[in-house]
Amino acid sequence: MKIKDIIRLRRLQRKKDKTNKLFMSLLSKAKTGDERHELGQEGSNEESIIQFEIDDLITTSLTSEAERLFIPVTPKSDYHLGTKFWKGSTLSEDILHLSQEAICELRETIRQERKKQREVWMTILDMFSKAFVILTGLTGALIGLFSVIAK
């Protein structure tokens with residue numbers, strides 16, 4: 001996940017926590033059963049909206065990262081075939097988000113791919129550093145040779 005997505009996710013989680021606390025305090029102050037029921041419904045709706053935003057952010061972030069790394073993602077059309085990769089959103093079954101199992105699997109695959117890419121770059125850097133050391137040694141030897149010849 002990008003840093004901006006992580007920051008946005010933290011904000012959404014804090015917003016969800018604050019909303020839950022607010023509605024819990026309002027529920028405790030409610031006097032009638034109808035008030036409690038109405039507040040409970042409103043709180044549930046608010047929580048569903050925030051959870052939708054969280055799920056949407058995670059899904060968008062992980063799938064775009066997977067596409068950038070050329071990691072195949074199960075198509076959304078497979079949802080109707082009974083795959084566990086996608087789930088209906090909290091607001092509508094027509095909008096799909098990654099399931100918890102898919103999030104874990106995709107994160108692990110992204111980590112493995114990043115590790116492979118990092119290993120390739122570390123190998124390249126190691127080769128360049130060794131070549132630099134060899135060239136530095138040869139340069140020193142040539143300078144020494146020229147200084148002996150010059151005397």
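A short reminder: the numbers here are calculations on the coordinates, not readings from a lab. Nothing here was measured: the structure is a model prediction, and the numbers come from that model. Glycine also receives a Cβ, built like all others from the backbone with ideal geometry; neighbour counts cover every protein chain displayed.
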*asked:* For the stretch 103-151, give me each residue that is of a type in the set (D, E, K, R) and over 30 Å from residue 58 (Cβ atoms).
replied: 126, 130, 151
_Options 118, 107, 111: the member that is in a helix (DSSP H, G or I), in contact (Cβ under 8 Å) with a residue 40 or more places away in the chain and not acidic (Asp, Glu)_ = 107
_Subset of the stretch 1-22 that is in contact (Cβ under 8 Å) with a residue 24 or more places away in the chain and over 18 Å from the mean Cα position of the chain (by Cα) - its residue that is nearest to residue 104 (Cα to Cα)_ = 16
*Which condition number does residue 56 fail, the rest of (1) surrounded by 11 or more Cβ atoms within 10 Å (Cβ to Cβ); (2) without any contact (Cβ under 8 Å) to a residue 24 or more places away in the chain; (3) not basic (Lys, Arg) being met?*
(2)
*Of 33, 43, which residue is in contact with a Ser or Thr (Cβ under 8 Å, 6 or more places away or on another chain), without any contact (Cβ under 8 Å) to a residue 60 or more places away in the chain and either over 30 Å from residue 107 (Cα atoms) or loosely packed, with under 12 Cβ neighbours inside 10 Å (or both)?*
43
*Odd one out for residue 79, checked against (1) more than 17 Å from the chain's Cα centre (by Cα); (2) without any contact (Cβ under 8 Å) to a residue 40 or more places away in the chain; (3) surrounded by 11 or more Cβ atoms within 10 Å (Cβ to Cβ); (4) not in a helix (DSSP H, G or I)*: (4)
*Does the stretch 102-119 hold any residues that are of a type outside the set (Lys, Arg), under 11 Å from the mean Cα position of the chain (by Cα) and either farther than 18 Å from residue 86 by Cβ or surrounded by 11 or more Cβ atoms within 10 Å (Cβ to Cβ) (or both), and which are they?*
103, 104, 106, 110
*Sort out which residues of the stretch 24-74 are among the basic types (Lys, Arg) and assigned to a helix (DSSP H, G or I), and write them in order of number.*
29, 36, 68
